[in-house]
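Here's the structure, in structure tokens; my notes come after.
Read-outs: derived from the displayed coordinates by stated rules, not from any lab. Given the structure is predicted, the values throughout are model-derived calculations rather than measurements. Cβ placement follows ideal geometry from the backbone for every residue including glycine, while neighbour counts extend to all protein chains displayed.
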């Protein structure tokens, strides 16, 4: 889902530790003793700080990271994780390159574009095998195919590769393109408006306002980069592969938990998202995710996996569109699956 920009940071309260400390304090109060904080401080210092930058506002598409935070998976891995909210202008590549964050969320096509720009970003986990990107139209518009958009006004973020892919196929001829407002309001009031959207978010918002909509999936055109991709830098992989493995595997377990029971993570997401997010929208999004994360015969223990073939297809498409150059972007360098667990335990 896409809304106007605001930044927000969230840390998981260490509830178990705080409760334990409260009980200890109560017992000591009877004898007039004060709790010894040195051990607590020492344990806190053992946790390695890690910042994960989101590429959008906190939503179901980031559910695996929030599930790992909510269930203590990051803490159990010796990590003190901060999840930073993003927005439409979040400089993910710059934040990674400067060290303002060690990990981030992106789409696979973003990874290739970052590398074209000279930033050595690497994908280490891909939560969604199928991309949720769609063009959302009102059902009463009579439009049922991406071949029939002529005459509409499309709200979109300029410069996105999926638009170039559509434009290259002639699908945007006769379409007036205007900036995306981050809202379904224009679509709700005018059936000649179409908007870029994610299939697990905006459709519900429109329906809640009494308008039936049809999501036209871009993936059906053959444009299907991995989505909700956890990324880091080549520099961090080289300097601290053990840290990368801990973050990746905790996040991978988090995604398995989120796909099974999103409620704990959704509570954190709802607290972090100040852009009109609702519990109903989060529940709707979480219900759509299994088909995107585990399509076909893919099983839960394979969540996050990536293949060279998929990356090669993406790089070839971007090359054909003139967005990347083969000498700058090699599919084999865009991702590193070595940190993923091929068979994840069902319990942390």
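The distance between label points at residue 192 and residue 242 comes to 6.4 nm (points 7 Å beyond Cα on the Cα→Cβ vector). Looking at segment 133-221 alone, DSSP beta bridges between its own residues are antiparallel in about 55 percent of cases. Of all beta bridges that DSSP places with both ends in the chain, some 55 percent have antiparallel geometry. Normalised by the number of residues in segment 133-221, the mean separation of alpha-carbon contacts (under 8 Å, six or more apart) gives a relative contact order of 48 percent.
Per residue, the chain reaches -11500 deg cm²/dmol at 222 nm when only DSSP H runs of four or more residues are counted, each adding -39500 (n - 2.57).
For the pair segment 71-132 and segment 176-202, the centres of their Cα atoms are 26 angstrom apart. Once the Cα-Cα distance is subtracted from the 0.36 nm per residue extended length, the residue 271 to residue 308 segment shows a gain of 9.6 nm.
Taking 165, 103, 335 in turn, the Gaussian network model of the chain (Cα-Cα springs below 10 Å) assigns the largest fluctuation to 165. Taking 0.36 nm per residue of separation and subtracting the current Cα-Cα distance, fully stretching the chain between residue 297 and residue 119 would add 60.6 nm. For the chain, the longest principal axis of the Cα atoms and the long axis of helix 241-260 meet at an angle of about 70 degrees.
Shown is the FRET efficiency for residue 325 and residue 287, computed with R0 = 56 Å from the Cβ-Cβ distance and rounded to the nearest 0.05: 0.90. Taking 0.36 nm per residue of separation and subtracting the Cα-Cα distance, full extension of the segment from residue 98 to residue 342 would add 84.7 nm.
If you line up the long axis of helix 279-293 against the longest principal axis of the chain, both from Cα atoms, how many degrees apart are they, to the nearest 10? With rounding to tens, the tilt is 80 degrees. Of the candidates 160, 138, 274, which one comes out as most mobile in a Gaussian network treatment of the chain with C-alpha springs shorter than 10 Å? Maximum fluctuation in the GNM of the chain, among the listed residues, is at 160. Angle of helix 263-272 to the longest C-alpha principal axis of the chain, folded into 0 to 90 degrees and rounded to 10: 80°.
With a/c under 1.5 counting as rounded, go ahead and sort segment 269-348 into rounded, prolate or oblate using the C-alpha gyration tensor (a ≥ b ≥ c being the square roots of the eigenvalues; past the cut-off, prolate if a/b is larger than b/c, else oblate). Judged from the Cα gyration tensor, segment 269-348 comes out oblate (a/c at least 1.5, b/c at or above a/b).
In percent, rounded to a whole number, the relative contact order of the chain is 26, using alpha-carbon pairs under 8 Å and six or more apart. Which of rounded, prolate or oblate describes the chain when judged by the alpha-carbon gyration tensor and an a/c cut-off of 1.5? It comes out prolate by the Cα gyration axes.
Working from label points 7 Å from Cα in the Cα-to-Cβ sense, the residue 145 to residue 167 distance is 2.4 nm.
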